[in-house]
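Before any comments, here is the structure.
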Amino acid sequence: MTDNEDQKKLVDLMSDMPIAMLTTYGVDGPRSLPMARQEVEPSAEMWFISARDTAHTRAIQHNPTVSLTFSARDSWVAVTGTATVVDDAAKLEELWNTFAEAWLPGGPEDPNATLIRVDVEHGEYWDTPGSKVASLISFAKTKLTGATFDADHGSVDL
């Protein structure tokens, strides 16, 4: 695939994966936690709603390098990029949902509510398209022939 095709595939796969494990690299070292992705742009820019007074927000302000991993039943995505804590009331209002309200009951007007934008710099994906039966056939082929599992893999620098 070309870089543009790999980028499109990466973004398409992430659109069906709303939860990521976000890894920050603050003064206390690497720390991972689940985050609900609110939006992914075709440029692979992602948005998350967060509380301002958290360890991961402080870690991003110390070191903006982050890693994100996503998984679904038959596909996986890993990306690295630069995160920024963003105070944008209009964007926060646009992205606000009931899931965010479970963590920040004060709504988008809560002074503790903020956004995290991640600009993806590199990403990889693994996809095993097809049904469960197709995956089982591929596993059986691997077992019988010693060939590797049929998975679509791509890597892209953004």
Q: Counting only residues that are among the aromatic types (Phe, Trp, Tyr) and under 12 Å from the mean Cα position of the chain (by Cα), give me the strands (runs of 3 or more DSSP E) lying completely in segment 8-59 with at least 2 of them.
A: 45-51
Q) Which one of these does Arg52 not meet: (1) farther than 25 Å from Asp152 by Cβ; (2) in contact with a helix residue (DSSP H, G or I) (Cβ under 7 Å, 6 or more places away or on another chain); (3) of a type outside the set (S, T, N, Q); (4) in contact (Cβ under 8 Å) with a residue 60 or more places away in the chain? A) (2)
**Q.** Residue selected from segment 78-100 under the condition of a type in the set (D, E, K, R) and under 20 Å from the mean Cα position of the chain (by Cα), by the criterion farthest from Ser43 (Cα to Cα)
**A.** Glu94
Q.
If I ask for residues that are closer than 17 Å to Asp53 by Cα, at pLDDT below 95 and in contact with a strand residue (DSSP E or B) (Cβ under 7 Å, 6 or more places away or on another chain), which ones from segment 78-105 would you list?
A. Ala100, Trp103, Leu104
**Q.** Those residues of segment 55-102 which are without any contact (Cβ under 8 Å) to a residue 12 or more places away in the chain and surrounded by fewer than 14 Cβ atoms within 10 Å (Cβ to Cβ), in sequence order
**A.** Arg73, Ala90, Glu94, Thr98, Ala102
Q: Please verify whether segment 119-127 includes one or more residues that are open to solvent by less than 40 Å² (accessible area, probe 1.4 Å) and either at pLDDT 95 or above or more than 21 Å from the chain's Cα centre (by Cα) (or both).
A: no
Q: Looking at (1) out of contact with any strand residue (DSSP E or B) (no Cβ under 8 Å at 6 or more places or on another chain); (2) at pLDDT 90 or above; (3) of a type in the set (Gly, Ala, Ser), find the lone condition where Ser135 falls short.
A: (2)
Q: Tell me which residues, restricted to segment 23-48, are within 14 Å of Leu115 (Cα to Cα), crowded, with 19+ Cβ neighbours inside 10 Å, among the hydrophobic types (A, V, I, L, M, F, W, C) and in contact with a helix residue (DSSP H, G or I) (Cβ under 7 Å, 6 or more places away or on another chain).
A: Val40, Trp47
Q) If you take the residues in segment 6-22 that are of a type in the set (D, E, K, R) and in contact (Cβ under 8 Å) with a residue 40 or more places away in the chain, which one is most open to solvent (accessible area, probe 1.4 Å)? A) Asp16
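The values are calculated or read from the model by the stated rules, or taken from the named source; none is laboratory data. Owing to the predicted nature of the structure, the values given are computational and were not obtained by experimental measurement. Every residue, glycine as well, gets a Cβ built from its backbone with ideal geometry; the counts of neighbours run over all protein chains shown. All accessible areas refer to the heavy atoms of the entire protein, side chains included, with ligands and DNA or RNA removed. Shrake-Rupley method; radii C 1.70, N 1.55, O 1.52, S 1.80 Å.
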